[in-house]
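Student: Could you have a look at this structure, given as C-alpha cells, before my questions?
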Amino acid sequence: MSVIVHAATDWGNCVVEEAATFQCLEPIFANIIGAILSLSGVALFIMFLVGGFGFLFSSGDPKKLEQARGTLSNAVMGLVIIVAAFLILRIISVFTGIDTLTTFEIPIQ
C-alpha cells in the first residue's frame, strides 16, 4: 500500500499560532496506518510460529493438532484479508484513475 509516513519533523505548516490545523491529521493518520500494518505483520508472524510449534510439539494428540491447525488457518485467513484489502484498493485505484486512494491528504483550499 502506498501510504506516506511523515516524520514528526516533517509536519510543515501544521501548527499556526500555537493551534493545530487540519494538516496535522495527515501525518497522524499516515503513522497510525503504518503502525497498524506493521503490527498486523508481526501478529501474523507470531501466529505462524505458534501454529508451527503447536504441530511440532503435539506428539500426535488430535486435540493439539486441531488447535494448531486452527491457529494456522486463522493466520492464513488474516493474510488473505490483508492482501485482499490492499488489492481491492489498488484495483479501484486503477479502474477509476484516482491515484490518491491509498494516501491520506487534505487539500489546501
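No lab work stands behind these numbers, since they all come straight from the coordinates. All of these numbers come straight from a predicted model, not from anything done at the bench. Virtual Cβ from ideal backbone geometry, glycine too; neighbours counted across all protein chains shown.
Student: Where a ≥ b ≥ c are the square roots of the eigenvalues of the C-alpha gyration tensor, would you call the stretch 15-99 rounded, which needs a/c under 1.5, or, failing that, prolate if a/b is larger than b/c, or oblate?
Tutor: Numbers: a/c = 5.95, a/b = 2.10, b/c = 2.83.
Taking the square roots of the gyration eigenvalues as a ≥ b ≥ c, the stretch 15-99 is oblate.
Student: Any chance you could run the full-extension gain for F55 through I91? It's 0.36 nm times the residue separation minus the Cα-Cα distance, nm to one decimal.
Tutor: My answer for the length gained is 9.3 nm.
Student: Could you rank the peptides 56-64, 81-89, 27-35 by their average count of other C-beta atoms within 10 Å per residue, with the highest value first? Spell out each step's value before the answer.
Tutor: Details: 56-64: 9.9, 81-89: 11.7, 27-35: 15.2.
Peptide ranking by packing, descending: 27-35, 81-89, 56-64.
Student: Please check which bits of the stretch 25-52 a label hung off N74 would reach, taking the label as a point 7 Å along Cα-to-C-beta and the cut-off as backbone N under 14 Å.
Tutor: 43-52
Student: Pull out the extension gain between N31 and F45, defined as 0.36 nm times the separation in residues minus the alpha carbon to alpha carbon distance; nm, one decimal.
Tutor: Details: separation 14, 0.36 × 14 = 5.04 nm, distance 2.11 nm.
Stretched out fully, the N31 to F45 stretch lengthens by 2.9 nm.
Student: Efficiency by 1/(1 + (r/R0)^6): what FRET value for E66 and S38, r their Cβ-Cβ distance, R0 = 25 Å, to the nearest 0.05?
Tutor: Values: r = 31 Å, r/R0 = 1.23.
About 0.20, to the nearest 0.05.
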